[in-house]
1. If you scan region 327-350, which residues turn out to be surrounded by fewer than 16 Cβ atoms within 10 Å (Cβ to Cβ), modelled with pLDDT of 95 or more and touching a strand residue (DSSP E or B) at 6+ places or on another chain (Cβ under 8 Å)?
2. Give me the residue from region 587-635 that is modelled with pLDDT of 95 or more and charged (D, E, K, R) and, out of that set, surrounded by the most Cβ atoms within 10 Å (Cβ to Cβ).
3. When the residues of region 235-268 are narrowed to those that are among the hydroxyl-bearing types (Ser, Thr, Tyr) and in contact (Cβ under 8 Å) with a residue 40 or more places away in the chain, which ends up farthest from Val290 (Cα to Cα)?
4. For region 742-761, check the following and say yes or no: at least one residue is touching a Phe, Trp or Tyr at 6+ places or on another chain (Cβ under 8 Å), closer than 18 Å to Ser654 by Cα and among the hydrophobic types (A, V, I, L, M, F, W, C).
5. Within region 239-251, track down each residue that is crowded, with 19+ Cβ neighbours inside 10 Å and not hydroxyl-bearing (Ser, Thr, Tyr).
6. Which fully enclosed strands (runs of 3 or more DSSP E) of region 118-236 have 1 or more residues being surrounded by 20 or more Cβ atoms within 10 Å (Cβ to Cβ)?
7. Just to verify a result, which residue in region 425-438, among those that are farther than 15 Å from Asp305 by Cβ and touching a Phe, Trp or Tyr at 6+ places or on another chain (Cβ under 6 Å), is surrounded by the most Cβ atoms within 10 Å (Cβ to Cβ)?
Amino acid sequence: MNKAITEGLVLMPPPFSAGLNLWSKANGEPGDASYAGQPNAAFVPADQDFGGCLELQKTTATLKLRCFQQIPMQPGLYLRVTVRLKAISGALPSARIAGWAGSGSGSNVATADQQGDLVALPGYGSVVTLSAIVGSGNRPGVDMVWGTAPVYGHFGIDLTGPTGGVVRIDDITIEDVTEVFHSEMFDWVDVRDYGAIGDGITDDRAAFDAADAAAAGKRVVVSPGSYYIGSHLTFENPVQFEGTITMPDSQRLACTRNFNLDTYSAAFGSELGGFKKALQALFYFTDHVVLDLNGRRIELTEPLDIAAIAQITSFSERRVLTNGQFTCSAAPSWATQTVTAVATYATSAPNTLSAVANIASIPVGSLVSGTGVGREVYVTSRNVAAGTLTLSQPMWAAAGTRSFTFNRFTYMLDFSGFSQLSRFEISNIEFLCGANTSGINLAITGSVFRLYDCTINRPKHRAITSTGQGCQDLQIDRCEFISSEMGLPAQNRSSIVFNSNGNDVKIRNNRAARFAHFGVVAGTGGIFAGNHFFGGDDETLGVRRAGVVLTAINCKTFFTGNYIDNSFLELSNEHDANPAFGSEYSFGGVTITGNVFTAQGVSAAFNWIVVTPRGSGHFLSGLTVTSNVFRARDSEVQRVEIVDTSYSTLSTNSFRNVTFESNTFNGISQPTVSPVLVEHVQGTAADTWSIDVSAYLPFGGRARNVTAVVPEGALTNDSGTPQFVSAYALVEQGTGGKLASLKWPSAVKGKVQVTLRVDNPL
């Protein structure tokens, strides 16, 4: 598009026939001398090659010819200045297109390139055509780059070389060649038209800003080149990167109209570099709350410290990372850091290790292991000066001074640099850990971290780790977790899908295969619904491990509609510094309803619900197991539940509110029921009937209550005479209190339906 037409710009200088007073001997500025009346200048009306033309004798080292007319210039305008000339006599000079760049204040813009290439005149009478393109942008094909400061120019030629020669010069023409570079019909503007250099050194921030301001809804094109941007940059218009940019780590790029990985990858020349900058912008950029990875794969060579990339440590607004894949290759940067150190633990400070040797070498976020340490205890913070480590959970039997091992795992996405992070979501992302590293490490504190519709494939140690309270209200939905330990026997696995320390986790509709544990949950208020976690192996009569471990003794947690496959649910108090029962709640607050429990290739001693007390005096208080299906597929299992007495046992005389009913048992030798309804037939008249339902009662419990006795048919004496009598019950009879007795006023025989409970209901 020609701006002389579209904007009425007057670009053509006057012909020489209009008068030599219109042509300057200097720069064309007002007050400069003209060629009118000069002895070395004359208008020739009829040259055989040019028609009317100017004849000049070169009298100075550099003879200038400039029009007084101000030819307008503006960003994005490109002019071709053309002249034909020939030598007539005397010494042969050289010639070039030249100009004088004027600013809005009338001063010369010295940074503008105001001279074209020199061309030597080859001989007398030979017509030579000089041409140069003048424009704002540093583009291929632009001979004189003026930038954006000039608003007009005085154009002409320079004659250099020996003096005395005579040349004839045809009328100088100036034409708009902007369409060679871009057209107003196009829906874009180019940063080079606004002064961008693209040499990777010069700060092009101002040119980028100018192009964005001029775009007014059009695309900003960053044409090929390497551009350095030294400070924060925001594009208010769509941007297309054909070249790349570099920025300091601390400076942000915000692409407000196409905020996605494709844009940032193009901008920074790689998926990883683009992702880091896009993620940085996500935490600051309020126009978008979602970073779309455009379905692309990002290859990681080291753990990503998200807080360091974002350069913040606290954030509470909703942000979403979605639609892509992370993968990693084997590299030293994924190695686990392991430190062994002696430290002292006291139950009076249950979340502290003190007098820690070699403390400076122990990384925050390390998993702590050692005698008396429960599962998933992490270093939350350290005080090197005081020699203390803060722990995510207490230790159940580690009092005194002893040696501990600290393992700091690496993670693809590590949020632990955040002291607080809330409402961050990851969706539709696949993490290909390749058994090289773990998946996600949560912030130290925060709430409502959501992971949904994701896959974490072959994490080395953990899929999701919480080293502090950043798991408050953790939500994991519709995700798949694939173990890196598929071929190992269950007892040899160490990888875990997730752990939590905060309350109110919501774990729904996930699938996990062949991990050591699906979850180690220390908080309360948990929801497990619709999950399938499978812990089997290919061993004959293989060992099975807990799918979910609940370490808060009264945890307000329910399991509904889950498929608990070759693993079990474990209730434990391994995160209690004083594990013996005191003035506290005991095991319970758990509802297990509507689940499918299955196992194959296990021994008869396998159980699906296990209580593991670490100290004495504990009991069950508030446990409901109803409407579940238990099935052993290829061999019989003795019972579905058990107390693991490796450390202690339960006080069965204190069970309260324990319900175990309406379940289905297939391949189970002994069903578990409470309250249990049994039919007792007394064939010989007696005034005391002993009712034995001990095999049915859960967790080796006692016969603590008889809630109903209903005769079926007449009760008779030895002679067969009906007796209209009623009995009272004696509970917790016999060894271990597992029997109940019915006491009659006289010896009777017959049949009764008796309902017994393992607990006191309140």
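1. Within region 327-350, Thr336, Gln337, Thr338, Thr340, Val342, Ala346 meet the criteria.
2. Across region 587-635, the extreme among qualifying residues is Arg614.
3. Start the filter on region 235-268 by keeping residues that are among the hydroxyl-bearing types (Ser, Thr, Tyr), which leaves 244, 246, 250, 256, 263-265.
From what is left, the residues that are in contact (Cβ under 8 Å) with a residue 40 or more places away in the chain are 246, 250.
Values: Thr246: 23, Ser250: 21 Å.
So, considering only residues that are among the hydroxyl-bearing types (Ser, Thr, Tyr) and in contact (Cβ under 8 Å) with a residue 40 or more places away in the chain, the one farthest from Val290 (Cα to Cα) is Thr246.
4. Step one: list which residues in region 742-761 are touching a Phe, Trp or Tyr at 6+ places or on another chain (Cβ under 8 Å), which gives 742-744, 752, 758-760.
Keeping just the survivors that are closer than 18 Å to Ser654 by Cα gives 758-760.
Those left that are additionally among the hydrophobic types (A, V, I, L, M, F, W, C): 758.
Yes, because at least one residue in region 742-761 is touching a Phe, Trp or Tyr at 6+ places or on another chain (Cβ under 8 Å), closer than 18 Å to Ser654 by Cα and among the hydrophobic types (A, V, I, L, M, F, W, C).
5. We begin by selecting, within region 239-251, every residue crowded, with 19+ Cβ neighbours inside 10 Å; these are 239, 241, 243-245, 247.
Correct list: Val239, Phe241, Gly243, Ile245, Met247.
6. Details: elements: 128-135, 152-160, 166-169, 173-176, 188-190, 199-203, 219-222, 226-228, 233-235.
Counting at least 1 such residues, we get 128-135, 152-160, 166-169, 173-176, 188-190, 219-222, 226-228, 233-235.
7. Of the residues in region 425-438, the ones farther than 15 Å from Asp305 by Cβ are 425-436.
Retained after the next criterion (residues that are touching a Phe, Trp or Tyr at 6+ places or on another chain (Cβ under 6 Å)): 427, 431, 436.
Numbers: Ser427: 17, Phe431: 28, Asn436: 21.
Among those that are farther than 15 Å from Asp305 by Cβ and touching a Phe, Trp or Tyr at 6+ places or on another chain (Cβ under 6 Å), it is Phe431.
Listed here are the residues, each with its yes/no results for (1) farther than 30 Å from Phe606 by Cβ; (2) among the hydroxyl-bearing types (Ser, Thr, Tyr).
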residue: Phe406; (1), (2): yes, no
residue: Ser422; (1), (2): yes, yes
residue: Cys433; (1), (2): yes, no
residue: Lys460; (1), (2): no, no
residue: Gly468; (1), (2): yes, no
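The values are calculated or read from the model by the stated rules, or taken from the named source; none is laboratory data. None of these values were measured; they are calculated from a predicted model. FYI the Cβ positions are ideal-geometry reconstructions off the backbone, even for glycines, and counts take in every protein chain you see.
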